[in-house]
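See structure below.
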Amino acid sequence: MTTNYDNALTDYRDDFVMPLCMDDIEDIQEVLNEEKHRVIHLHGHIDKPASMIVDEDDYNNFYSDDKITSKLYSILGNRKLLFIGFSFNDYYFKDLYSKIIKNIGGEHFIIVPNLHVFDAKEYLKINLIPIGINVNKDNNGKYLNYVKALKVIFEQLT
């Protein structure tokens, strides 16, 4: 699952599987039972501009839709997710995630560059197991070797 609109995760995979937007999913159990590694675009996809969640009204409508929240409950309750490049500052998702964890539990992971112990404790409080990677920053504050560090983790996971 990604909040990005692009094809980066789909293009990364050797075997192409058509990505889905949340409104494409008619039968969540069917998707969860697939033996495919499918990318679900939570906030829409660049190839489907009408699906893209971009402003406050879009977010309010999306996260107040019972069909969408039910699907997210199913996904988060039945799968372990690995959050990459996601700061957990998205109020809408963070609020829904907190409700799901409170109501049904679940264990998920997050990759965090230069993880501090204080931050690790905060993630653990919300059932997110942090995976720290050490990366340097350039003079503009951009991470150096971030992708290389992610590849090392991915190699260990597969």
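The values are calculated or read from the model by the stated rules, or taken from the named source; none is laboratory data. Everything numeric in this text was worked out from a predicted model, so none of it was measured. Don't worry about glycine lacking a Cβ; one is built from the backbone with ideal geometry, like all the others, and counts go over all protein chains shown.
General observations
- When Lys80, Lys71 are screened for being surrounded by 11 or more Cβ atoms within 10 Å (Cβ to Cβ) and either in the same structural domain as Ile111 (by TED's automatic domain parsing) or within 20 Å of Gly106 (Cβ to Cβ) (or both), only Lys71 passes.
- Residue that is surrounded by the fewest Cβ atoms within 10 Å (Cβ to Cβ) [pool: residues in region 134-158 that are in a loop (DSSP other than H, G, I, E, B) and in contact (Cβ under 8 Å) with a residue 12 or more places away in the chain]: Asn134
- Among the conditions (1) surrounded by fewer than 16 Cβ atoms within 10 Å (Cβ to Cβ); (2) assigned by TED's automatic domain parsing to the domain that holds Lys67; (3) not β-branched (Val, Ile, Thr), the only one that Glu122 does not satisfy is (2).
- Residue check, Gly106 at positive phi and under 14 Å from the mean Cα position of the chain (by Cα): no
- Across region 5-22, the number of residues qualifying as at pLDDT below 90 and part of a helix (DSSP H, G or I) comes to 5.
- When the helices (runs of 4 or more DSSP H) confined to region 53-129 are screened for residues that are of a type in the set (Val, Ile, Thr), under 28 Å from Glu30 (Cβ atoms) and touching a residue at least 24 places away in the same chain (Cβ under 8 Å), those reaching at least 1 such residues are found at 66-78, 91-104.
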